[in-house]
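S.K.: Below you'll find the structure I mean.
The values are calculated or read from the model by the stated rules, or taken from the named source; none is laboratory data. All values derive from a computational prediction rather than experimental measurement. For neighbour counting, all protein chains shown are included, and Cβ atoms are generated from backbone atoms with ideal geometry for every residue, glycine included.
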Amino acid sequence: MNVLKLLFLMSLLSMARLFAQLAPTASLNSAEAGQLAELNCRQLPNVTTILETIQVPNDAPNSNIPPATEPPVTDDVYDALVRLGRFSLSCLTDRLIDTQWMPDPRSEPLLGVPLVGDVAYMILSDKGVPDVLPKLAHKKPHQLRMDDYFLWPSIGDHRLRLQSAVRAWLAQHPDCCAAPTIVRKAVSKPKFQMSAVEFAATRTRLSRLRPGMSTEQVLSIAGKPDAIDTSERSQSTSSVSQHIGLLGFCAADRGENLAYIFFTERWTGDILRRDPLRDRYVILFFSTEGKFTRMFSNIADIPPIFPRSEKTWQRLMWGEPKPKK
């Protein structure tokens with residue numbers, strides 16, 4: 001083999017390895033992955049669970065941690081943004097300056113009230129971006145309290161400075177934040193896919209939903225869901241094999257106890273291990289007051305629904321405030 005041919009083959013191999021690192025874990029091209037990242041970034045208020053350690057990177061060099069096989073979903077928005085690897089970095093960085101209110105997704109909300117931009121920063125950190133805030137605040141990491149992460153960005157142009165620092169770090173580290181390695185069963189076609197007529201009818205029905213509707217009203221409009229998850233399980237029905245994971249770990253603290261899922265396209269059989277990159281679905285959530293509160297959607301033509309203010313959220317979760325005596 002001559003030298004030029006060898007160099008050419010080595011170049012092809014390097015390109016293949018680069019594509020494997022860049023590609024998300026599902027069979028999506030770069031355009032589809034980018035669109036899915038934008039769709040999920042736009043519904044960061046639907047993130048319901050931020051744990052101290054959700055994602056354990058297993059794609060680092062010399063890692064002895066085996067790839068996850070069909071992992072269960074922790075949070076549909078969070079999981080999609082993490083599994084999209086570098087494709088979600090840009091939209092998450094764009095959201096660092098977003099000051100929209102959202103319900104607190106932390107498992108232990110001790111101090112501070114995070115806004116959308118703060119949650120975007122949490123997810124970037126989980127993806128592998130280092131904490132740049134202590135340096136910007138001219139403090140050592142141990143000198144920062146938890147609420148400093150919400151107070152410091154709220155002052156003046158601090159959010160813009162944080163965004164610029166993250167962008168600068170990403171520009172200097174183009175190999176950061178690859179998607180975690182996940183081994184999936186080879187499937188050539190979806191197990192279920194709605195026809196164009198069925199999808200149009202479903203989209204029309206879901207467009208009629210409004211926060212505050214009762215479960216009965218929602219079912220009369222949306223129809224029978226593909227599965228139901230409730231936090232009010234009996235001991236006989238609380239096993240892991242029967243758990244489908246629509247309600248996050250923090251659902252009870254948030255005042256949610258019921259969720260319905262509707263699939264328009266489905267590649268996996270186990271709903272707990274649904275694929276947020278390939279499956280297409282919506283999840284409707286309800287409060288302990290029996291009110292429809294929000295809707296997750298990873299379908300481009302069906303917009304998500306989430307609360308726009310704390311006052312609205314409080315009313316949906318716990319009903320109208322009682323008048324003071």
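S.K.: Six or more apart or on different chains, Cβ under 6 Å: which pairs go from a residue in region 174-186 that's crowded, with 16+ Cβ neighbours inside 10 Å to one that's in a strand (DSSP E or B) and charged (D, E, K, R)? Could you list them?
M.R.: Going by the 6 Å Cβ cut-off, there are no qualifying pairs.
S.K.: Which residues, counting only those in region 273-300, are under 15 Å from Asp79 (Cβ atoms) and of a type in the set (A, V, I, L, M)?
M.R.: Selection gives Leu277, Ile283.
S.K.: Any residue in region 205-227 that is under 22 Å from the mean Cα position of the chain (by Cα), modelled with pLDDT of 95 or more and part of a strand (DSSP E or B)?
M.R.: yes
S.K.: Within region 94-131, how many residues are outside any loop (DSSP other than H, G, I, E, B) and over 15 Å from the mean Cα position of the chain (by Cα)?
M.R.: 5
S.K.: Now, a different point. Within region 246-288, track down each residue that is surrounded by fewer than 20 Cβ atoms within 10 Å (Cβ to Cβ) and acidic (Asp, Glu).
M.R.: Asp253, Glu265, Asp270
S.K.: Check off (1) at pLDDT 95 or above; (2) over 29 Å from Val183 (Cα atoms); (3) among the hydroxyl-bearing types (Ser, Thr, Tyr) for Tyr281 and give me the number that stays unchecked.
M.R.: That leaves (2) as the condition not met.
S.K.: Within region 305-316, is even one residue under 20 Å from Ser107 (Cβ atoms), of a type outside the set (D, E, K, R), part of a strand (DSSP E or B) and modelled with pLDDT of 90 or more?
M.R.: No, region 305-316 contains no residue that is under 20 Å from Ser107 (Cβ atoms), of a type outside the set (D, E, K, R), part of a strand (DSSP E or B) and modelled with pLDDT of 90 or more.
S.K.: Contact list please: Cβ distance under 7 Å, first residue in region 132-152 and closer than 18 Å to Leu111 by Cα, second residue hydroxyl-bearing (Ser, Thr, Tyr), pairs at least six apart or on different chains.
M.R.: Note: pairs meeting the criteria are Leu133/Tyr149.
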